[in-house]
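Asks: Have a look at this one.
The values are calculated or read from the model by the stated rules, or taken from the named source; none is laboratory data. It should be emphasised that the depicted structure is a prediction, and the values quoted were computed from it without experimental measurement. Glycine gets a Cβ as well: all are built from the backbone with ideal geometry, and neighbour counts include every protein chain shown.
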Amino acid sequence: MALKGTLKDFNLADIFQLIGIQKKTGVLTLKNEKEVVTVSFLEGDVVAADSLHRRLEDRLGTVLVKSGRITEAQLQEALKVQKNTLQRMGNILVENRFIEAQDLRDALHIQISQMIYRLFRWRDGEYNFSQEERVDYDKDYVMPMSAESILMEGARILDEWPMIEKGIKSFASVFRAANVEIAAAPRDGAAHPGEEAAKGVTLNDQERLVHSLVDGKRTIQEIVERSTLSEFETCRILYDLITRQILEEFRAGPQKAAVTAAPVVSRPASPGTVRAGSMLLAVVVLAALGYRLAPAAQDILAGDMLGGCLAPLAGATQVETIEGAIGRSRLLRVDFAIQIYYLLNRGYPAELHYLVTSQILKPDAIVDPWGRPFRYEVQPGGYALSMAGTPADPRPFQIFSAPPQVEQQ
C-alpha cells in the first residue's frame, strides 16, 4: 500500500483510519520543519511512537525521575547497565525493581499516546507509510492502541485544545495558587461531603495532583514533565483550575512595586454566598467544557437535580436560563459527535441513538435538560439539529451543518 504525501492533501485522521481499517503493519513517518516522528502499526493498532530529536528511550528515564517514580541514582545505575547490555531502559528498571511493571506500562502508554496526540496539532507536514512484515516494539510493556480510540481522543483534543491553549497562553507561563482555601482530601469515615465542601473548594484526585505541582516557579512545561498524567489532561486540568480562579498567572515584577503596592482589603463573603456562587460557576463551567463528570454531577447536568440544587440559590427564571445554556452546550456536543460519526462511517447517522450505540455519546447526551429529545433530520448535503425553546427563551436553538471536509489523495 503506497501512502505518501502532505497533510494538506490527506489529513492525519484519514491516514490513521485507513491504516486501521485495512489492518496494516508498518511504520508511518511524519515530518515538518521542526520534528520527525515515527508511528509503528501492528495489524492496524499503534504499538510504538518515537521522535528523531527526542528519543523515547532517552526521555523515559528523565520523565520517571521528574514524576518521582524513580530516583536520579536509580536512573544513573540503569544507564550504566544499559551501556553494557544494550537492553531497553524499561526492562532494566523492572528487573532491578526500581519500578513496578504496571507503572512502566502506564508511563509508556502516556509517552506514546502523548507523542501521537501532539501530531493532531500539526498544521502541515509530510507523511510516508512503509508497509512491513513485522515491527519492533516492547511487547512486554506496551499495550496496542486501536486507531479508532486514538481518533476519538484526537478529535476531543482538536476540539478542546484551542480553548486550553488560550487559557494557559504558553508552555513557558508560570502560575501560582490563588488565595483560595482548598478543602482537605476526604478521608475514610470522614464527615458528609457537603460539610467538607463548606470548608473550601473541593478538588478531585487528579486536580489535587496537578495543583500540588504549581508553585509559582515551575513553567507549564515543567509541570507537564512532572505530572503522571498525559500532557493534554494536565493542561486541561490547569485550564480548569485557572478558569475557576484557583490558579493565577505569576509575573515577576520589580520588588519596589510589590512593596509599595496598596494592599487589597476584601470583605469575606458569607458562607451562603460562597456556596451559591460556587454552585452556579461549577454548573456553567462544566456544561460549557463537557468534562467527564462524577455521577452526581452528571445527574445535575441531566436536569434531574439541577432545579433542586439551584432553587435555594437562584430564582426560577435564572434556573431556566442556566438549564437553557446547558441544553445548548449539549446540542453543540451532539453536533460535534455527528461530525465524528461521519468521518468514521462516511455518512450521517439515520437517528441520534446511533451515536449512543456507536459509543460516541451516552444516552442522556441526546436529550435536553428537560428530557426532551433533540430534533434531528438528515437533509440533502447536510443535516439540521435543534432544541426546542425554554420558558425563559422560547426561540429554538438550531444548527445546520454540511459534511466535514475530507480531502482525498
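Asks: Being of a type outside the set (Lys, Arg), assigned by TED's automatic domain parsing to the domain that holds Arg156 and touching a Pro at 6+ places or on another chain (Cβ under 9 Å) narrows it down to one residue among Val47, Val135, Val81, Val63; which is it?
Replies: Val47
Asks: Here's something else I'd like to know. Which pairs do you get when a residue that is in the same structural domain as Ala147 (by TED's automatic domain parsing), found in region 100-120, comes within reach of a residue that is assigned to a helix (DSSP H, G or I) and among the charged types (D, E, K, R), reach meaning Cβ atoms under 6 angstrom, with the pair 6+ apart or on two chains?
Replies: Every condition considered, the pairs that remain are Gln114/Glu231.
Asks: Among the candidates Val39, Val27, Val46, single out the residue that is assigned to a strand (DSSP E or B), over 24 Å from the mean Cα position of the chain (by Cα) and of a type in the set (A, V, I, L, M, F, W, C).
Replies: Result of the check over Val39, Val27, Val46: Val27.
Asks: While we're on this one: If you go through region 99-120, how many residues are in a helix (DSSP H, G or I) and farther than 30 Å from Ala13 by Cα?
Replies: Result for region 99-120: 1.
Asks: Among the residues that make up region 144-165, is at least one of them within 23 Å of Ser40 (Cβ to Cβ) and part of a loop (DSSP other than H, G, I, E, B)?
Replies: Checking region 144-165: at least one residue is within 23 Å of Ser40 (Cβ to Cβ) and part of a loop (DSSP other than H, G, I, E, B).
Asks: For region 99-124: of the residues being over 23 Å from Cys235 (Cα atoms) and among the hydrophobic types (A, V, I, L, M, F, W, C), which is surrounded by the fewest Cβ atoms within 10 Å (Cβ to Cβ)?
Replies: Per the criteria, the residue is Ala101.
Asks: Of all residues in region 345-361, how many are under 23 Å from the mean Cα position of the chain (by Cα) and touching a residue at least 12 places away in the same chain (Cβ under 8 Å)?
Replies: 4
Asks: Do we find that Leu79 is in contact with a Phe, Trp or Tyr (Cβ under 7 Å, 6 or more places away or on another chain) and in contact (Cβ under 8 Å) with a residue 12 or more places away in the chain in this structure?
Replies: Here the answer is no, as Leu79 does not meet what is asked.
Asks: Could you please give the count of residues in region 70-98 that are in a loop (DSSP other than H, G, I, E, B) and surrounded by fewer than 19 Cβ atoms within 10 Å (Cβ to Cβ)?
Replies: Residues in region 70-98 being in a loop (DSSP other than H, G, I, E, B) and surrounded by fewer than 19 Cβ atoms within 10 Å (Cβ to Cβ): 6 in total.
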